[in-house]
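What follows is one structure encoded as structure tokens, with my remarks underneath.
The values are calculated or read from the model by the stated rules, or taken from the named source; none is laboratory data. Note that the coordinates shown come from a computational prediction; the quantities given were computed from them, not determined experimentally. All Cβ positions, glycine included, derive from the backbone under ideal geometry; neighbour counts span all protein chains shown. Just the protein is used for accessible areas: all its heavy atoms, side chains included, with ligands, DNA and RNA removed. Shrake-Rupley method; radii C 1.70, N 1.55, O 1.52, S 1.80 Å.
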Amino acid sequence: MLKLTILANLGRVRPLTLRAAGDDPRERAHLVEHPELDADLATPSIGDVVTDQAGRFSQSQRPGDAGGRSQGEEHNLQSELDRKALERVATTIAKIVEDQGTPPWRLVAPQPITPSLLEALPAAVRNAVAETVAADLAKTPLADLEKRFL
């Protein structure tokens, strides 16, 4: 059983470790959350990044004159925000895995970002991935995660 599971999406990284059952027969293995390692990496919306004046260019008038304006385009702004969010998530995951000594670990991330996320990880961290699960479980309660992964 893998001792480290990292749940991630573009806005959150949630590491879980496996605590094995002890000598007591009533005790059983369970997952442990580490709130101090839980990273909320909220991606800003386009409205937070640009203003209502962004990309306004004069059209058929002298600069500074009122009226006759056209709207500029956001030229791949959303894809750029997603790329930066992916880099933040990969950096956070790499730090968590390296701090644990780069053990074999499980990555749980939404299917559309999993290949890009794996590619963004450093080689040593990427090579330590023992399993990937294509699902967005970053907000799933711990009890449901234990049912799924134990």
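Does residue 71 satisfy the condition of being within 19 Å of residue 113 (Cβ to Cβ), more than 15 Å from the chain's Cα centre (by Cα) and either modelled with pLDDT of 75 or more or open to solvent by 60 Å² or more (accessible area, probe 1.4 Å) (or both)?
Judged against the criteria, residue 71 is not a match.
Can you report the number of residues in region 97-124 which are surrounded by fewer than 19 Cβ atoms within 10 Å (Cβ to Cβ), in contact with a strand residue (DSSP E or B) (Cβ under 8 Å, 6 or more places away or on another chain) and in a helix (DSSP H, G or I)?
2
Provide a single number: the residues in region 133-150 that are loosely packed, with under 12 Cβ neighbours inside 10 Å and in a helix (DSSP H, G or I).
So the count comes out to 3.
Just give me the residues in region 98-118 being small (Gly, Ala, Ser) and touching a residue at least 40 places away in the same chain (Cβ under 8 Å), in sequence order.
109
Looking only at region 119-131, filter to residues that are without any contact (Cβ under 8 Å) to a residue 24 or more places away in the chain and within 15 Å of residue 98 (Cα to Cα); which one of those is nearest to the chain's Cα centre (by Cα)?
126
Return yes when residue 130 is in a helix (DSSP H, G or I) and either open to solvent by 60 Å² or more (accessible area, probe 1.4 Å) or closer than 20 Å to residue 40 by Cα (or both) and no when it is not.
So residue 130 does not fit the description; no.
Tell me which residues, restricted to region 1-23, are at pLDDT 90 or above and open to solvent by less than 30 Å² (accessible area, probe 1.4 Å).
Scanning region 1-23 gives 4, 5, 6, 7, 8, 9, 13, 14, 15, 16, 17.
For region 24-61, give me each residue that is more than 20 Å from residue 88 (Cβ to Cβ), surrounded by fewer than 10 Cβ atoms within 10 Å (Cβ to Cβ) and at pLDDT 75 or above.
Within region 24-61, just 26 meets the criteria.
Would you please list the contacts, defined by Cβ atoms under 7 Å and residues six or more apart or on different chains, that run from a residue in region 17-38 that is of a type in the set (Lys, Arg) to a residue that is part of a loop (DSSP other than H, G, I, E, B) and open to solvent by less than 60 Å² (accessible area, probe 1.4 Å)?
If the second residue must be part of a loop (DSSP other than H, G, I, E, B) and open to solvent by less than 60 Å² (accessible area, probe 1.4 Å), the pairs left are 19/29; 28/21.
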